[in-house]
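The values are calculated or read from the model by the stated rules, or taken from the named source; none is laboratory data. Since the structure is predicted, the reported quantities are computational estimates derived from the model, not experimental observations. Counting neighbours? That spans all protein chains shown, and the Cβs are built from the backbone with ideal geometry, glycine included.
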Amino acid sequence: MLCSSLVSYICIKLPGPYGLIIILPTSTALLVRPSYINIPQCSQRHVHDNSPTAHKAMNLNITTSDNETLGAWFILSDAFYQEFSKSSGRSSRPFVEEEIKKSLQEHPTIIFFHGNAANRVAPYRVSLYSSLSTRLAANVLAIDYRGFGDSTGAPSETGLLRDGRAAWDWLISRGAKADSIVIMGHSLGTSVSALLGEQLASEGRPQHQWIHQSHPCVARHPP
């Protein structure tokens, strides 16, 4: 069943010499929306000038198939940004959608599906976007799921799949080729990316480029 793909576990390490760990399953509701989820609390998700992605990122909205609005960032490939800045004399003005389309045609793009806590503007995630853009010369599309950040709606398994698909369709509609898109999921995002991949495969469009990040529990036993 698909719902089993959204089951996670809480690991509790008990005190004592044996380092005993208890692993407890969590409910989908707890996994998807803990009470501390929406941090940082800034209501406007604009890219600040002191951000590692300043001037090469656009704040945008993506509409899902059931008419929810997702907050998202699109970060240009640093290679494209540097080349375009030199050739056009562009300094700090916001870039436009035509520049997004050109970068999508010339560079690979990573869709990033984040974990169940915080939102797309968490500083450690912004640093990741910057690294992907710079080291891999890739564009990055980072979305907030429904109910996260400034996105509308409330999260559910079906809703998260629709959110992932909306991100994919947004890229394809702007000229990205399927074989140039890499789907990257962290924690909860690995389930979203797996569900999206399953859907694409069922339509005869299997996706072969994946990056999955997780944090397994490791028990260290005394010698």
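For the reader, a short list of remarks on this structure follows.
- Pick from segment 170-219, criterion within 23 Å of SER103 (Cα to Cα) and loosely packed, with under 12 Cβ neighbours inside 10 Å, ranking: modelled with the lowest pLDDT: HIS208
- Conditions (1) buried (at least 21 other Cβ atoms within 10 Å of the Cβ); (2) outside any loop (DSSP other than H, G, I, E, B); (3) in contact with a Gly (Cβ under 8 Å, 6 or more places away or on another chain): number failed by GLY149: (2)
- Total residues in segment 140-161 satisfying the condition of being more than 14 Å from the chain's Cα centre (by Cα) and under 20 Å from ASN59 (Cα atoms): the figure is 4.
- Only one entry in ALA122, ALA79, ALA137, ALA166 is at pLDDT 95 or above and aliphatic (A, V, I, L, M), namely ALA166.
Condition check ((1) in contact with a Phe, Trp or Tyr (Cβ under 6 Å, 6 or more places away or on another chain); (2) at pLDDT 95 or above) across all residues:
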| position | (1), (2) |
| --- | --- |
| SER35 | no, no |
| VAL47 | no, no |
| ALA57 | yes, no |
| ASP66 | no, yes |
| LEU70 | no, yes |
| SER85 | no, no |
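- Filter result for ILE111 (modelled with pLDDT of 95 or more, exposed (fewer than 15 other Cβ atoms within 10 Å of the Cβ) and not in a loop (DSSP other than H, G, I, E, B)): no
- Search result, residues across segment 129-144 that are surrounded by fewer than 24 Cβ atoms within 10 Å (Cβ to Cβ), of a type in the set (Ser, Thr, Tyr) and out of contact with any helix residue (DSSP H, G or I) (no Cβ under 6 Å at 6 or more places or on another chain): SER130, SER131
- Residues (surrounded by fewer than 24 Cβ atoms within 10 Å (Cβ to Cβ), of a type in the set (A, V, I, L, M, F, W, C) and in contact (Cβ under 8 Å) with a residue 24 or more places away in the chain) located in segment 114-128: ALA117, ALA118, ALA122, VAL126
- Under the condition of being under 18 Å from SER202 (Cβ atoms) and over 15 Å from the mean Cα position of the chain (by Cα), the residues counted in segment 162-178 number 2.
- Taking the numbered list (1) closer than 17 Å to SER187 by Cβ; (2) in a loop (DSSP other than H, G, I, E, B); (3) not charged (D, E, K, R) in turn, LEU128 passes all entries but (2).
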